[in-house]
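What follows is a single structure, written as C-alpha cells, with notes after it.
The values are calculated or read from the model by the stated rules, or taken from the named source; none is laboratory data. On a predicted model such as this, the values are computed, not experimentally measured, just so you know. All Cβ positions, even for glycine, are placed from backbone atoms using ideal geometry, and neighbour counts span all protein chains on display.
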Amino acid sequence: MKKLFCTLFTLLWILPAIAQPQTPPPCRVLLPSIAERYEGECKKGLAHGEGFALGRDTYRGEFVRGFPEGHGVYAWSTGEVYDGEWIEGRRDGFGTFSYRVNNADSIITGYWKEDRYVGTEYHKYEYKVLDSRDIDDTRFLRMDHSGDQVRIRFYRSGVENSNLTNLLLWGDSGYQSSAFTGFESITFPFTGQVTYETSNKIGTGTLICKLMFVIYEPGSWEIEVQN
C-alpha cells in the first residue's frame, strides 16, 4: 500500500509538468547585425528557410544554417538596401543596391562576390591571361581585397630576373607606379599588358616577351612572370 501511494504521488507530481506546453528552443541568427529577433523557419536551432531577422539592420528572405543565403532583402539602419543573392551572410551573386548620395537616389545593379561589387558581367574566374609569348609560367596572387594595384615581378629559376630591356607597360585605367613595376589606382575589371626583352636561359639568344591579362576581382595583386 505504501509503495502504491508513493507511485501515485510521483505520477501526480510528474503529470502536470508533462502537460505544460513545451517552449521550443530559440532559433538563432548568426549575423550579429540582425541577430536580436527572428521569425521564420528553423532547423537545429538555427534560422533555415524563409524568415525575417531584426537587429541594428533588417533582413527578409532565405537563410541557411543561421546566415542569409539565397535571395533576400537587407536594409541597413543608414538607409541603404540590397535586394539580391547571398552566400553565408555576404552579398554574392546578382543584386541591386540602392542608396542616397547628395540627396539623390542612386542604384547599382550587377554582380557581387564576397560582399564586393565586381561589375555588370559575371566572370567565373578572378583573372584571365589573354596573350602570352616567350613566357614559361605566370602566377597571379591576390595579396588583399581592399587595394587597387597590380605589381609585376620577373623571375628566372626561382630568383628575380633583373636582366630586362625595352620594358613597356600599358593599362586601361590608373597609372604606372613610380615605386614598383606595375599599376596603381586602377579600376576593375582591369586589362594590362607588359612587353620586354630578356636573354634565354643559356644566354645564346634574346626572348621578346609579352603578357596581356585581365583581372576581374578588386584587390592588390602581384603577378609573377617566369622565364
> Out of curiosity, is GLY79 part of a loop (DSSP other than H, G, I, E, B), small (Gly, Ala, Ser) and on the phi > 0 side of the Ramachandran plot?
Replying inline: yes
>> Condition check: within 15 Å of the chain's Cα centre (by Cα), modelled with pLDDT of 95 or more and of a type in the set (Phe, Trp, Tyr). Does TRP76 satisfy that?
In response: no
> Mind checking which pairs have a first residue in the stretch 87-105 that is without any contact (Cβ under 8 Å) to a residue 60 or more places away in the chain and of a type in the set (Gly, Ala, Ser) and a second that is in a strand (DSSP E or B) and surrounded by fewer than 14 Cβ atoms within 10 Å (Cβ to Cβ), Cβ under 6 Å, 6 or more apart or different chains?
Replying inline: SER98/ILE107
>> Every residue in the stretch 66-110 that is touching an Asp or Glu at 6+ places or on another chain (Cβ under 7 Å) and basic (Lys, Arg), please.
In response: ARG90, ARG91
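Would you tally the residues in the stretch 168-216 being over 27 Å from SER157 (Cβ atoms) and of a type in the set (Phe, Trp, Tyr)?
First pass over the stretch 168-216, keeping only residues over 27 Å from SER157 (Cβ atoms): 170-176, 178, 184-191, 214, 216.
Applying the additional criterion that residues be of a type in the set (Phe, Trp, Tyr) yields 170, 175, 188, 190, 216.
Number satisfying all stated conditions: 5.
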> Which of the residues belonging to the stretch 175-190 are surrounded by fewer than 16 Cβ atoms within 10 Å (Cβ to Cβ) and either aromatic (Phe, Trp, Tyr) or closer than 17 Å to LEU130 by Cβ (or both)?
Replying inline: TYR175, PHE180
> What number of residues in the stretch 197-227 are within 34 Å of the chain's Cα centre (by Cα) and of a type in the set (Ser, Thr, Tyr)?
Replying inline: 2
> Within the stretch 162-174, restricting attention to residues that are small (Gly, Ala, Ser) and crowded, with 16+ Cβ neighbours inside 10 Å, which residue is farthest from LYS210 (Cα to Cα)?
Replying inline: GLY174
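Here are THR138, THR195: which of them is touching a Ser or Thr at 6+ places or on another chain (Cβ under 9 Å), more than 13 Å from SER220 (Cβ to Cβ), assigned to a strand (DSSP E or B) and touching a residue at least 24 places away in the same chain (Cβ under 8 Å)?
Within the list THR138, THR195, the selection yields THR138.
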> Is at least one residue of the stretch 107-124 surrounded by 14 or more Cβ atoms within 10 Å (Cβ to Cβ), among the charged types (D, E, K, R) and more than 22 Å from GLU50 (Cα to Cα)?
Replying inline: yes
> All but one of (1) assigned to a strand (DSSP E or B); (2) over 30 Å from THR96 (Cα atoms); (3) hydroxyl-bearing (Ser, Thr, Tyr) hold for SER220; which doesn't?
Replying inline: (2)
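Look at GLY61 and say whether it is touching a Pro at 6+ places or on another chain (Cβ under 6 Å), assigned by TED's automatic domain parsing to the domain that holds GLU36 and surrounded by 16 or more Cβ atoms within 10 Å (Cβ to Cβ). Reasoning before the result, please.
Numbers: touching a Pro at 6+ places or on another chain (Cβ under 6 Å): no; assigned by TED's automatic domain parsing to the domain that holds GLU36: yes; surrounded by 16 or more Cβ atoms within 10 Å (Cβ to Cβ): yes.
In short, no.
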>> Being surrounded by 14 or more Cβ atoms within 10 Å (Cβ to Cβ), among the polar types (S, T, N, Q) and in a loop (DSSP other than H, G, I, E, B) is the filter here; which residues of the stretch 141-161 pass it?
In response: ASN161
